[in-house]
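Asker: Below: one structure in structure tokens.
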Amino acid sequence: MSDNGSGSSVEKLVIIGSGPAGWTAALYASRAQLSPLCIIGVPKQDPGPVLPGGQLMLTTEVENYPGFPHGIAGPEMMALFQKQAERFGARVMNDDVKTVAFHTDGSGPHVLTTASGKTIRAHAVIIATGATANWLGLDNELRLATTGGGVSACAVCDGALPMFRNNPVAVVGGGDTAMEEAHHVSKFASKVYVIHRRDSLRASKVMQERTLGKPNVEMIWNSQVVDVLDKKDPNSGADVIRALVLEDTNTKQRRELEVNGMFVAIGHTPATRFLRESGLEFDDKGYIDLKRRGSHTNIPGVFAAGDVADARYRQAITAAGMGCQAALDAEHWLGEHSLA
């Protein structure tokens with residue numbers, strides 16, 4: 001921390017968020033001797049599970065992150081990220097940031113207020129709050145997503161796992177994301193059912209043709225998932241998905257569809273609700289708008305990294321790379337302003 005001349009201490013750098021972007025930013029910033037304060041959030045339902053550590057906290061096995069040839073559980077990976085950042089001096093606060101007062105002209109420290117009532121002043125801020133998957137809101141859906149029971153919001157992340165290989169799965173949604181998820185998981189699953197509540201797709205024609213042309217992909221039109229049924233896995237004893245209850249949106253008739261997995265692909269919501277009156281600029285999807293390559297936002301001293309500013313890739317590896325960029329950008333900015 002530094003002193004602003006009035007006796008009130010000011011953090012050099014505050015990092016909001018604790019996924020791959022936040023922890024990577026914390027690692028680089030702490031190694032640069034910025035002693036970052038990481039405000040990592042608290043567990044909540046919003047409406048689905050939101051945990052410190054981000055979406056990887058809901059991923060049972062990460063197989064596509066370099067350096068882990070045998071895979072690693074998402075929560076274990078995030079614990080290692082945190083341990084590494086703390087080793088070099090990153091400090092952790094379990095709290096949520098509720099409001100911000102950014103100095104849009106760069107004239108003074110930014111002010112953050114937390115849910116517990118703490119006021120924190122910082123010369124630089126990195127926002128790495130990520131984006132949360134949009135869920136259907138079914139009790140069993142959310143429970144099985146949390147426990148690794150076969151419900152996921154990322155086929156690219158989880159589609160190749162053994163529980164889905166050579167088994168029937170379902171993808172819920174009708175946009176480009178749903179088509180991309182279905183196309184990816186079709187490489188591993190024996191059958192992919194795409195469930196959509198209407199009789200036409202929002203997805204682009206190119207994506208529709210690419211995905212629906214696969215021999216093991218089948219559309220289920222005018223249907224919505226109203227329940228997720230589970231069973232005990234005979235090997236592990238854990239609760240795993242066995243079927244979906246589908247309701248016809250026209251006739252209201254219900255039937256069961258036996259599947260070993262469900263991928264919910266109805267979009268993501270960037271975690272920016274607390275920033276809406278901050279003066280930050282957002283793109284048309286609500287993600288923080290980065291004006292140029294790197295992490296600079298439209299406000300001096302405020303940077304963004306990870307899924308909160310990335311509607312396209314949403315991968316742990318890309319988020320970590322953006323966290324690195326944000327820490328380096330923040331370090332350079334602080335140095336240029338003689339604040340480091």
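The values are calculated or read from the model by the stated rules, or taken from the named source; none is laboratory data. This one's a predicted model, so the numbers in the text were calculated from it and none came from an experiment. Every residue, glycine among them, receives a Cβ derived from its backbone with ideal geometry; neighbour counts consider all protein chains shown.
Asker: Can you tell me which residue among Ser200, Ser190, Ser204, Ser152 is polar (S, T, N, Q), surrounded by fewer than 16 Cβ atoms within 10 Å (Cβ to Cβ) and in contact with an Asp or Glu (Cβ under 9 Å, 6 or more places away or on another chain)?
Answerer: Of Ser200, Ser190, Ser204, Ser152, the one residue that is polar (S, T, N, Q), surrounded by fewer than 16 Cβ atoms within 10 Å (Cβ to Cβ) and in contact with an Asp or Glu (Cβ under 9 Å, 6 or more places away or on another chain) is Ser204.
Asker: Let me ask you something else. Just to confirm my filter: which strands (runs of 3 or more DSSP E) fall fully inside region 228-340 and include at least 1 residues that are of a type in the set (A, V, I, L, M)? Walk me through how you get there before you give the answer.
Answerer: Details: elements: 239-248, 254-258, 261-264, 268-270, 302-304.
Per the criteria, 239-248, 254-258, 261-264, 302-304.
Asker: State the number of residues belonging to region 77-91 that are among the aliphatic types (A, V, I, L, M) and either assigned to a loop (DSSP other than H, G, I, E, B) or buried (at least 16 other Cβ atoms within 10 Å of the Cβ) (or both). Even if it seems obvious, please write down each step before you answer.
Answerer: Quick first cut of region 77-91, residues among the aliphatic types (A, V, I, L, M) only: 77-80, 85, 90.
The next check asks that each one be either assigned to a loop (DSSP other than H, G, I, E, B) or buried (at least 16 other Cβ atoms within 10 Å of the Cβ) (or both); those that pass are 77-78, 85, 90.
Of the residues in that region, 4 qualify.
Asker: Please enumerate the residues belonging to region 1-60 that are over 13 Å from Gly130 (Cβ atoms), acidic (Asp, Glu) and modelled with pLDDT under 95.
Answerer: Listed by number, the list holds a single entry, Asp3.
Asker: Touching a Leu at 6+ places or on another chain (Cβ under 8 Å), modelled with pLDDT under 95 and not small (Gly, Ala, Ser): which single residue out of Ile220, Ile266 fits that description?
Answerer: The conditions single out Ile266.
Asker: Shifting gears a bit: Confirm whether Ile120 is in contact with an Asp or Glu (Cβ under 7 Å, 6 or more places away or on another chain) and under 30 Å from Gly335 (Cβ atoms).
Answerer: Numbers: in contact with an Asp or Glu (Cβ under 7 Å, 6 or more places away or on another chain): yes; under 30 Å from Gly335 (Cβ atoms): yes.
Answer is yes for this residue.
Asker: Taking the condition of being under 18 Å from Ala189 (Cβ atoms) and surrounded by 18 or more Cβ atoms within 10 Å (Cβ to Cβ), how many residues in region 230-245 meet it?
Answerer: Summing the residues that are under 18 Å from Ala189 (Cβ atoms) and surrounded by 18 or more Cβ atoms within 10 Å (Cβ to Cβ) in region 230-245 gives 4.
Asker: Among Ile266, Ile299, which is the only one that is surrounded by 14 or more Cβ atoms within 10 Å (Cβ to Cβ), closer than 27 Å to Met77 by Cβ and among the β-branched types (Val, Ile, Thr)?
Answerer: Ile266 is the lone residue from the list that is surrounded by 14 or more Cβ atoms within 10 Å (Cβ to Cβ), closer than 27 Å to Met77 by Cβ and among the β-branched types (Val, Ile, Thr).
Asker: Within region 97-120, how many residues turn out to be of a type outside the set (Lys, Arg) and assigned to a strand (DSSP E or B)?
Answerer: 11
Asker: Identify the residue in region 308-340 that is surrounded by 20 or more Cβ atoms within 10 Å (Cβ to Cβ) and modelled with pLDDT under 95 and, among all such residues, is farthest from Asp176 (Cα to Cα).
Answerer: Ala316
Asker: Of all residues in region 205-227, which are of a type in the set (Gly, Ala, Ser) and over 14 Å from Val171 (Cβ atoms)?
Answerer: Across region 205-227, the qualifying residue is only Gly213.
Asker: Taking region 133-170 as the region of interest, how many residues are among the β-branched types (Val, Ile, Thr) and either at pLDDT 90 or above or not assigned by TED's automatic domain parsing to the domain that holds Val217 (or both)?
Answerer: 2
Asker: Taking the stated definitions as given, is Ile220 of a type in the set (Val, Ile, Thr), on the phi < 0 side of the Ramachandran plot, surrounded by 15 or more Cβ atoms within 10 Å (Cβ to Cβ) and in the same structural domain as Glu180 (by TED's automatic domain parsing)?
Answerer: yes
Asker: Right, something else. Given the structure, is Gln253 over 20 Å from Thr99 (Cα atoms) and within 19 Å of the chain's Cα centre (by Cα)?
Answerer: Against the criterion (over 20 Å from Thr99 (Cα atoms) and within 19 Å of the chain's Cα centre (by Cα)), Gln253 does not qualify.
Asker: Out of the residues in region 15-48 that are more than 27 Å from Ala145 (Cα to Cα) and not in a helix (DSSP H, G or I), state the one that is nearest to the chain's Cα centre (by Cα).
Answerer: In this case the residue turns out to be Ile15.
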